[in-house]
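The values are calculated or read from the model by the stated rules, or taken from the named source; none is laboratory data. Source: prediction; values computed, not measured. Here Cβ is always computed from backbone atoms with ideal geometry, including for glycine, and neighbour counts include all displayed protein chains.
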Amino acid sequence: MKNERSNWILKFIVEHYIKFAKPISSGEIIENMQLTISSATIRNECLQLEKMGFLEKDYNSSGRRPSTKGYRYYLDFLIDDPQYKLEKSINTDKAISKLEPLFANRNLKIEEILNTASDLISNLFNVVTVTSSSIQKKLKLNKIELVTLSSQSILIMLILENGYVEYNTLKLEGVSLDELKTAVDLFNLRLTGTPLSELQEKLNTIKPIIEKQIKDYEIILNQFYQILSDMLKPQMSRHGFERMLENPEFKDINKIKEIISFIEQIHPIQFYDDFGNKRAIKNINVQIGNEIQKSGNDKFALISSYFKTDNNHKSNIVIYGPKRMEYKKILEILSWINNKINNDV
C-alpha cells in the first residue's frame, strides 16, 4: 500500500489483535496510537482497508480485526520494516536463555534440542508444535557388521556412507551364528553401495539366492526388514495440544476437532516438502488461514521450519496456532535456532 498511514494503522490493528484477541474501534486506535487526527479519518482508513480485504468486521461489533490477507501483508511488508516499528523491543531472552545451555551440551543430539525447543515454544505461545526427524533416503549402505554380545545374542549394525549406524539385537533362536554370518556376507556383497530408498526392493531380488544357501532365511530377512524399517521411520514428537485450548478461538469443540484431524493427517517433513518450502525464507515458512492447503479451516496458521542436522538427518518443526500467533517472537526464536545449528553442526 502506498498510503503510509494505512500501513501504520494495519500494523497496529494486527499487533493489537495478536495481543488481546479483540477487535478494535477507531476511537481505541486514536487513543492507543496517540494520533491527532479525527475518528472520522480513522474510520475511513479502516473502511478502505476492509474494502481491500485487509480487515474484517464482526456482525456484532463495531471494531475490526485483521483478515488472512491482512496478516499476510503484515508478514511480508510490515513486521520487520523499521519505518513501521511500534514496539520498542521483542523480548525473546526468556526462550533463548533456556535454549543456550542445550546447544552447549555436546551430549545432546540436535533432535533432542529441537524437542525441548518445541515444548518451550508451546508453553510460551499456547500453540501446538510437532517435531520430526528422518534420515536422508539417498544415503548409501557402506557395510553390515556383526558383534557377538553373548552366546545367544548378536548385534547387527548397518553402517551408512556417512558413518551413521543403525543397529538391532538379534536373539539366536531358530537360526545359527554361521547362517547369520553367511547372510551378512551375501548382504555385503549384494547391497553395499545401495541407497536406503532401494534397499528393501533389492533385498527382495536377492531373496532366492539367500533361500538356497540358508535354511532359516526368513528369520534373518525379517530381522533385516525390521532394522531397515526402523531406520527409515520418521521420529515424531507432539507438544502443547492442551496449551492451544487456552486460545479463545478454539473454545468451540468442533474447531478443535478440525485442527487435531489436520495435524494428525499431515506429516511435518512431508508437509514442508510439498507446500512449505515453496515460500520459505531462510528455511522458515508461514502459512495463514486458507493459504494452508488441505486444512479446510481459515481460523489458524502454521509456521514450518527446516533444519540441517548431523548425520544427514532432515528435521522439521511445525507450529500450529491461531492466526493471531505472535509471529515476530516465534520467527526470531526459530531464526536463532537455525543460526545456532548452522554454526555448530
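Table: residues versus (1) polar (S, T, N, Q); (2) touching a strand residue (DSSP E or B) at 6+ places or on another chain (Cβ under 9 Å).
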| residue | (1), (2) |
| --- | --- |
| Ser6 | yes, no |
| Lys11 | no, no |
| His16 | no, yes |
| Leu35 | no, no |
| Ser38 | yes, no |
| Gly53 | no, no |
| Tyr74 | no, yes |
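Within the range 1-38, being of a type in the set (Val, Ile, Thr) and modelled with pLDDT of 85 or more holds for Ile9, Ile13, Val14, Ile18, Ile24, Ile29, Ile30. Select, from Lys143, Lys171, the only residue that is touching a strand residue (DSSP E or B) at 6+ places or on another chain (Cβ under 7 Å), without any contact (Cβ under 8 Å) to a residue 24 or more places away in the chain and charged (D, E, K, R). Exactly one of Lys143, Lys171 is touching a strand residue (DSSP E or B) at 6+ places or on another chain (Cβ under 7 Å), without any contact (Cβ under 8 Å) to a residue 24 or more places away in the chain and charged (D, E, K, R), namely Lys171.
Among the residues making up the range 1-37, a single one is among the basic types (Lys, Arg), in a loop (DSSP other than H, G, I, E, B) and within 26 Å of Asn126 (Cβ to Cβ): Lys22.
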